[in-house]
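**Q** Would you mind keeping the following structure in view while I ask a few things?
The values are calculated or read from the model by the stated rules, or taken from the named source; none is laboratory data. Predicted model only: the values in this text are computed from it and were never measured. Cβ coordinates were reconstructed from backbone atoms using ideal geometry, including for glycine residues, and neighbour counts include every protein chain displayed. Ligands, DNA and RNA are excluded from the accessible area calculation, which covers all protein heavy atoms including side chains. Shrake-Rupley method; radii C 1.70, N 1.55, O 1.52, S 1.80 Å.
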Amino acid sequence: GINAEYGPFFLNSASRTHPKMVFEVSNLSKADGAQQFDTYLADFSYVNGYTPSQSDVDALKHFNEAPQAKFENLSRWWRHLSSFSDEEKASFPGSAAPAAEKKEGDDEDFDLFGDGDEEEYERELERRRKEAEEKSGKKKKELVAKSSVLFDVKPWDDTTDMKALEESVRSIEQEGLLWGAGKLVDVAYGVKKLVINAVIVDDLVSTEDIEEKIREFDEYVQSVDIAAFNKI
C-alpha cells in the first residue's frame, strides 16, 4: 500500500529535516555546477524532486555530451533524460522553452504570446504542430505513458547487509523499468530502510510484479511498500 507519511522527503513531514527538493539550474553555469548537481541527485531523481519537468529539459541543455564518469548520479540522470523523445520531453510539466523567433512573413496575423482567447491559442499551437509534421513527412508519435515510483524497502534488522539488499533490488531488470536514485533512511534502533526510485512504462511494468520480485529477496527484505507514485 501507499504510506501516508514518508521520511525526510515529504513536505508534510514538517518536523523532520530534509534536503531541498529543488536544484537551481542556473548553478550549472558555475565551475562546480556539475558537482553540485551530482550531489543533489544522490537524494533526488530530477531537478524538482521525483517528477520530471521542463527544468530537467533546461538542465539537459547544459550538457553537450555525456558527463564525466566520476559523476555517477549525474550520468544516470543524463542517460535517463536522454532516453526521452522530444515529444515526451515537451509533455513534461512546467514552462516550455520559448518558441524560436519567427521569420518575417510567417503567421504575421497571430501573436502566439499576445493577449487572446485561450482556446484560440491552443488551436493555433495544434495547427502549427500539424504543419510541422506534414513538412517533415512524419506522423505524430503517440506519447508513452510513464510513472515515477518510490519504493520503501525495509530489512529484517540492523544486521542486514543493506548494500547487498540494494544490489538485489537493482538486479531486477525488464523492459520498461529504469532504476533511479537510492538512499538509506534511518528507521529506529540502528535499522535503516532503502528508499529507491524507479521510472516505469505503464503498459509494460506492473508495480505489483516489482513488489513481488523484491519480496523474493527474503534473506534481506522484510517488507516493501510504495511510498509515492506520480504519473510523468
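**Q** Considering only residues that are in a strand (DSSP E or B) and open to solvent by less than 80 Å² (accessible area, probe 1.4 Å), look in the range 214-228 and name the one that is nearest to Asp158 (Cα to Cα).
**A** Within the range 214-228, the first condition is being in a strand (DSSP E or B), and the residues that meet it are 221-228.
Cutting the leftovers down to open to solvent by less than 80 Å² (accessible area, probe 1.4 Å) gives us 221, 223-228.
Numbers: Val221: 12, Ser223: 14, Val224: 16, Asp225: 19, Ile226: 22, Ala227: 21, Ala228: 25 Å.
Here the residue is Val221.
**Q** I'm checking my understanding of the structure. Among residues of the range 151-191 that are charged (D, E, K, R), within 17 Å of Lys213 (Cα to Cα) and in a strand (DSSP E or B), which one is least open to solvent (accessible area, probe 1.4 Å)?
**A** Here is the first cut: in the range 151-191, the ones charged (D, E, K, R) are 152, 154, 157-158, 161, 163, 166-167, 170, 173, 175, 183, 186.
Checking which are within 17 Å of Lys213 (Cα to Cα) leaves us with 152, 154, 166-167, 170, 173, 175.
Pick out the ones that are also in a strand (DSSP E or B) and you get 152, 154.
On the way: Asp152: 1, Lys154: 68 Å².
If we take residues in the range 151-191 being charged (D, E, K, R), within 17 Å of Lys213 (Cα to Cα) and in a strand (DSSP E or B), then Asp152 is least open to solvent (accessible area, probe 1.4 Å).
**Q** Right, next: If I ask for residues that are under 23 Å from Val57 (Cα atoms) and either open to solvent by 70 Å² or more (accessible area, probe 1.4 Å) or hydrophobic (A, V, I, L, M, F, W, C) (or both), which ones from the range 192-213 would you list? Before you say what the answer is, go through the steps one by one.
**A** From the range 192-213, those under 23 Å from Val57 (Cα atoms) are 196-202; that's our starting set.
Result: Ile196, Ala198, Val199, Ile200, Val201.
**Q** Somewhere in the range 41-54, is a residue more than 27 Å from Leu194 (Cα to Cα), touching a helix residue (DSSP H, G or I) at 6+ places or on another chain (Cβ under 9 Å) and at pLDDT 90 or above?
**A** Within the range 41-54, one or more residues are more than 27 Å from Leu194 (Cα to Cα), touching a helix residue (DSSP H, G or I) at 6+ places or on another chain (Cβ under 9 Å) and at pLDDT 90 or above.
**Q** Quickly run through the range 67-87 and pick out the residues that are among the charged types (D, E, K, R) and without any contact (Cβ under 8 Å) to a residue 60 or more places away in the chain. If you could, list the steps in order and put the result at the bottom.
**A** Initial filter on the range 67-87 (among the charged types (D, E, K, R)): 70, 72, 76, 79, 86-87.
Passing the criteria: Lys70, Glu72, Arg79, Asp86, Glu87.
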